[in-house]
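Here's the structure, in structure tokens; my notes come after.
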Amino acid sequence: MTETIGDPLAADLLRGHTDTIVLSVLRDGDRYGFEIFKTIRDATGGAHEIKEATLYATYRRLEKDGLVESYWGDETQGGRRKYYRITDAGRAVYRRNVAAWHATRDIIDSLLQTGK
Amino acid sequence: MTSTSIHRLLDEAFAGAAPSPAIQDLKEELRTNLAARVDELEASGLGADAAARRAFDELGDVRALIADAGDDPMPAWDRERVRVSPAFVIRATLVPIAAAAALAVGVLAACGVIGGGIGLAVGLFAVVAVLIGVLVADSLGQDTRAHYAMPGGRATGYGIGAALTIAAAGGFALCWTGGPLWLWIVAAGILLLAGVGLLAGLGATQTNRAKPWVREYSAQWTKEFERSHGEAWERPVGDRFSRDPNAAARFGIYTMIIWILASIAGVIIGFNVGWWWAGLAWVGGFVAMMLLLTRMLFIPPKDGER
């Protein structure tokens, strides 16, 4: 099977890992909403993007769980930007999710016999 | 250049949503992110209105987002919880220790217990004042409510006010060390005037009028009034102090400050020029108080002020 990133299956897979993807982006430094969106969009070569509305729901969930925290940055031309910062708990969850993903990927690879 | 369209589109999307802090935060967050996307689209050659429309459409289901923010699964106390900043804790611990050490050495130098003389004492008192000012500004600049910290300039102003006042206390303390008495009194008096004046000005202008959710609430309230009454809302006429207790309280504070400053000026003039002339300071204080009363009681407030 030829995989393209635009596949509904790939899109579903990506969506299922939105939390981990956002945490991963924030590991490199504090970002505001559109920066996070842009980083994800550019990382997939623009071929796929997670809807911004989905991302806002993700930020709220991550903040509620204490995995990220937010703060208002300085005034810009359009107003104040809300920045997100990953917490220590967020880093721990990120590492755990990445390990879980690697394990799952290996299992699926071997089940689908594409791994070797 | 950001199109004004995103503001209109946002207003339309948020029409009818309760103006709670959570909703207001979401609207502000969307606004700046939309502005960034519009800039990007305009840079790629799209017209201002088309860019705004496209950026807004790309957002996805904004209604669901608003409903979600309105539900606010996070308890209010948790949203408002102040997160500890380790760097601030370290600064708040080390700065007072340094200030106390500088003060102790400064006092020893002023008393002649250690060498260095008055010059060292003056230098160290200045260091103490600056350190306390830094501590005040740093503390006020911390994010303490609803993610809207005190603006940096205002926090710094409080810090400078505190530093000037502490420096004035140091100046008065030096009066007991000998040396030119008039110099210490005049220097300390000027520092105290500047410090108290600055702190009073900052205190009297401390409001949340500029916070986004207050502005939004005010605009919505006015709109609602016009809709239900069929006429534009106008500020009720009458005595300002009975209508606005905050203005009356501010006038009280200003008056107290004017008399404190007039008294200090009177003492300084008395010592340096002669006690017959000291009364001029009180006359000046009375004139200043009457001018302030006229200005605060009868001048109509600015547009948009509530």
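Out of B:39, B:71, one residue alone is at pLDDT 85 or above, under 30 Å from residue A:50 (Cα atoms) and of a type in the set (Asp, Glu). It is B:39. Restricting A:58, A:54 to residues that are under 15 Å from the mean Cα position of the chain (by Cα) and either modelled with pLDDT under 90 or of a type in the set (A, V, I, L, M) (or both) narrows the list to A:54.
The residue of region A:76-110 that is nearest to residue A:58 (Cα to Cα), among those that are free of Cβ contacts under 8 Å to residues at least 12 places away in the same chain and at the interface with chain B (Cβ under 10 Å from one of its Cβ atoms), is A:80. Applying the criterion of at least 2 residues that are more than 9 Å from chain A (Cβ to nearest Cβ), over 27 Å from residue B:222 (Cβ atoms) and of a type in the set (Lys, Arg) to the helices (runs of 4 or more DSSP H) found wholly in region B:1-62 leaves B:48-58. Residues that are among the aromatic types (Phe, Trp, Tyr) and either surrounded by fewer than 11 Cβ atoms within 10 Å (Cβ to Cβ) or modelled with pLDDT under 80 (or both) within region B:228-285 comprise B:233, B:241, B:275, B:276, listed in sequence order. Considering region B:1-22, and only residues there that are under 29 Å from the mean Cα position of the chain (by Cα) and among the aliphatic types (A, V, I, L, M), the residue that is surrounded by the most Cβ atoms within 10 Å (Cβ to Cβ) turns out to be B:22. Looking only at residues of region B:23-34 that are among the hydrophobic types (A, V, I, L, M, F, W, C) and crowded, with 22+ Cβ neighbours inside 10 Å, we find that the one that is nearest to residue A:63 (Cα to Cα) is B:26.
The values are calculated or read from the model by the stated rules, or taken from the named source; none is laboratory data. As the structure is a prediction and not an experimental result, all values here were calculated from the model. Glycine also receives a Cβ, built like all others from the backbone with ideal geometry; neighbour counts cover every protein chain displayed.
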